[in-house]
Amino acid sequence: MNHNDHVRLLQNGVPRPGGVWADLGAGEGAFTLALAALIGPGGEIYAVDRDGRALQSLTKQMHRAFPHVTLHTVQADFTRPLALPPLDGVVMANSLHFVANKGPVLSHVKGYLKEAHGRLLIVEYNSDQGNHWVPYPFSYQTWRKLAQQAGFGHTEQLATYPSRFLHEIYAALSR
Ligand SMILES: C[S@@+](CC[C@H](N)C(=O)[O-])C[C@H]1O[C@@H](n2cnc3c(N)ncnc32)[C@H](O)[C@@H]1O
């Protein structure tokens, strides 16, 4: 997958330029950079990860590729409450599958989003069978149920991408 593939997975979930977003479990920022491309200059992103080295790498790439997007890096555990401003959207790409009990995390995420139009974009392997690298994955069908239980009233699949590892990747929007 390259940058354009990352953008394609997210693009129908980002309705307008600008806004304040967070990427939880941003890592080196494959999807943070895709989000930056979609929200454009004037947009603001909080990239959260417990791996400080990955956040440093993301910062360099962001300054090089999208200097007019404001990036805040937060080295923290996203399973704990975070001090974030009201958000237009949250991206969680390949990060929620590290969490066994997803309910409490989703409840925090829901609390970060603006009441009226906040959106959660998920990118995950379309599988319910975990392994050593992806311990607690969830298929799109499972995600629909989890999102509903967490209080998201609407969930839709945005795009898929074939993957030799665990079959397929999907992007979903919940709001
Ligand atoms: C597989 S990488 C995905 C990175 C990026 N989102 C992507 O899709 O390329 C998972 C990232 O989530 C981070 N992560 C996992 N659990 C976390 C937690 N509880 N708090 C903060 N970061 C976490 C890891 O440090 C890692 O950078």
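Please find, among LEU173, LEU84, the residue that is surrounded by 16 or more Cβ atoms within 10 Å (Cβ to Cβ) and out of contact with any Asp or Glu (no Cβ under 8 Å at 6 or more places or on another chain). The unique qualifying residue is LEU84.
Please work out if VAL48 is of a type in the set (Val, Ile, Thr), over 15 Å from the mean Cα position of the chain (by Cα) and either open to solvent by less than 20 Å² (accessible area, probe 1.4 Å) or at pLDDT 95 or above (or both). Working first, answer last.
Values: of a type in the set (Val, Ile, Thr): yes; over 15 Å from the mean Cα position of the chain (by Cα): no; either open to solvent by less than 20 Å² (accessible area, probe 1.4 Å) or at pLDDT 95 or above (or both): yes.
It is false that VAL48 is of a type in the set (Val, Ile, Thr), over 15 Å from the mean Cα position of the chain (by Cα) and either open to solvent by less than 20 Å² (accessible area, probe 1.4 Å) or at pLDDT 95 or above (or both).
Give the number of residues within the stretch 109-120 that are open to solvent by less than 50 Å² (accessible area, probe 1.4 Å) and either within 11 Å of the ligand (Cβ to nearest atom) or assigned to a loop (DSSP other than H, G, I, E, B) (or both).
Of all residues in the stretch 109-120, those open to solvent by less than 50 Å² (accessible area, probe 1.4 Å) come to 109, 112-113, 118-120.
Filter once more, keeping what is either within 11 Å of the ligand (Cβ to nearest atom) or assigned to a loop (DSSP other than H, G, I, E, B) (or both): 118.
Count: 1.
Taking the conditions (1) in contact (Cβ under 8 Å) with a residue 12 or more places away in the chain; (2) over 16 Å from the mean Cα position of the chain (by Cα); (3) assigned to a loop (DSSP other than H, G, I, E, B) in turn, HIS132 satisfies each one other than (1).
The values are calculated or read from the model by the stated rules, or taken from the named source; none is laboratory data. These figures come from a predicted structure and were not determined experimentally. When we count neighbours, we look across all protein chains shown, and the Cβ atoms used for this are built from the backbone with ideal geometry, even at glycine. In case anyone asks, the SASA skips ligands and DNA or RNA and just uses the protein heavy atoms, side chains included. Shrake-Rupley method; radii C 1.70, N 1.55, O 1.52, S 1.80 Å.
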